[in-house]
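Notes for the one structure printed next.
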Amino acid sequence: MAIERTLSIIKPDAVAKNVIGQIYARFEAAGLKVVAAKLAYLSEREAGEFYAVHKERPFFKDLVSFMTSGPVMIQALEGEGAILKNRDLMGATDPKKAAPGTIRADFAESIDANAVHGSDAAETAAVEIAFFFPGMNVYSR
Ligand code: RTP
Ligand code: MG
């Protein structure tokens with residue numbers, strides 16, 4: 001399988017729970033390398049732009065409000081099949097439906113406060129990495 005990059009966000013609920021390290025340990029155990037990272041507060045505009053694909057959905061306002069409610073940890077991950085691998089580590093969007101042992105099953109509270117974001121395809125991964133890490137601040141190692 002090809003080496004890919006994907007964009008991951010540890011959402012405000014998981015940052016507030018102080019489990020950044022536990023989530024990073026899962027990336028590492030799965031062979032995903034952190035190639036860019038920053039802790040940030042998203043503005044409403046950034047969160048709205050980032051989730052623009054969901055603009056017409058009934059949950060959009062709550063999503064933007066949640067994503068701006070506290071700091072988030074944003075990282076680009078690199079590894080074999082990184083996009084699907086990260087989605088598998090995350091588990092289903094609704095933590096009640098997430099498989100045991102996934103990040104959302106173990107750390108998420110609800111479908112809104114669901115601990116992590118992960119790109120869902122190669123195209124979105126490229127756009128999302130460029131959105132948060134424009135230019136030179138993504139490093140292969
Ligand atoms: P994400 O983009 O954050 O990785 O989540 P996802 O792919 O698993 O789910 P997606 O369909 O892209 O939805 C983005 C976020 O919107 C919230 N959502 N709420 N109430 C609802 O029915 C609903 N559906 C989605 C979730 O917080 C989801 O992570
Ligand atoms: Mg999504």
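Which of the residues belonging to region 1-21 are surrounded by 17 or more Cβ atoms within 10 Å (Cβ to Cβ) and of a type outside the set (A, V, I, L, M, F, W, C)?
Hits for region 1-21 are Glu4, Arg5, Thr6, Ser8, Lys11, Pro12, Asp13.
For residues in region 22-42 being within 21 Å of Phe133 (Cα to Cα) and assigned to a helix (DSSP H, G or I), which is most open to solvent (accessible area, probe 1.4 Å)?
Glu28
Among residues belonging to region 68-91 that are open to solvent by less than 20 Å² (accessible area, probe 1.4 Å) and assigned to a loop (DSSP other than H, G, I, E, B), point out the one that is farthest from Asn114 (Cα to Cα).
Only one residue tops the list, namely Gly81.
If we scan region 115-131, do we find a residue that is more than 14 Å from ligand 2 (Cβ to nearest atom) and within 19 Å of Tyr24 (Cα to Cα)?
yes
Scan region 48-68 for residues that are more than 12 Å from Lys11 (Cα to Cα) and either touching a residue at least 40 places away in the same chain (Cβ under 8 Å) or within 14 Å of ligand 2 (Cβ to nearest atom) (or both) and jot them down.
Hits for region 48-68 are Glu49, Phe50, Tyr51, Ala52, Val53, His54, Lys55, Arg57, Phe59, Phe60, Asp62.
Step by step: first the residues of region 89-110, then only those that are within 15 Å of ligand 2 (Cβ to nearest atom) and touching a residue at least 24 places away in the same chain (Cβ under 8 Å), then the one that is nearest to Lys11 (Cα to Cα). Which residue is that?
The selected residue is Ala108.
Condition test on Asp112, is it of a type outside the set (Ser, Thr, Tyr), within 20 Å of Val34 (Cβ to Cβ) and in a loop (DSSP other than H, G, I, E, B)?
Working: of a type outside the set (Ser, Thr, Tyr): yes; within 20 Å of Val34 (Cβ to Cβ): no; in a loop (DSSP other than H, G, I, E, B): yes.
When the stated conditions are applied, Asp112 does not pass them.
Just checking, how many residues over region 125-141 are without any contact (Cβ under 8 Å) to a residue 40 or more places away in the chain and either near ligand 1 (Cβ under 10 Å from one of its atoms) or closer than 25 Å to Asn18 by Cβ (or both)?
0
Tell me which of these Pro134 doesn't satisfy, since it passes every other one: (1) open to solvent by 50 Å² or more (accessible area, probe 1.4 Å); (2) in a helix (DSSP H, G or I).
(2)
Looking at region 53-60, is at least one residue within 12 Å of ligand 1 (Cβ to nearest atom), of a type in the set (Phe, Trp, Tyr) and within 15 Å of the chain's Cα centre (by Cα)?
no
Working carefully through the options Asp106, Asp94, Asp120, find the one that is within 11 Å of ligand 1 (Cβ to nearest atom) and open to solvent by 50 Å² or more (accessible area, probe 1.4 Å). Reasoning before the result, please.
Details: Asp106 fails: within 11 Å of ligand 1 (Cβ to nearest atom); Asp94 fails: open to solvent by 50 Å² or more (accessible area, probe 1.4 Å).
None of the others qualify; the one that does is Asp120.
The values are calculated or read from the model by the stated rules, or taken from the named source; none is laboratory data. Keep in mind the model is a prediction, meaning the values are calculated, not measured. With ideal geometry, Cβ positions are generated from the backbone for all residues, glycine too; neighbour counts draw on all protein chains shown. All accessible areas refer to the heavy atoms of the entire protein, side chains included, with ligands and DNA or RNA removed. Shrake-Rupley method; radii C 1.70, N 1.55, O 1.52, S 1.80 Å.
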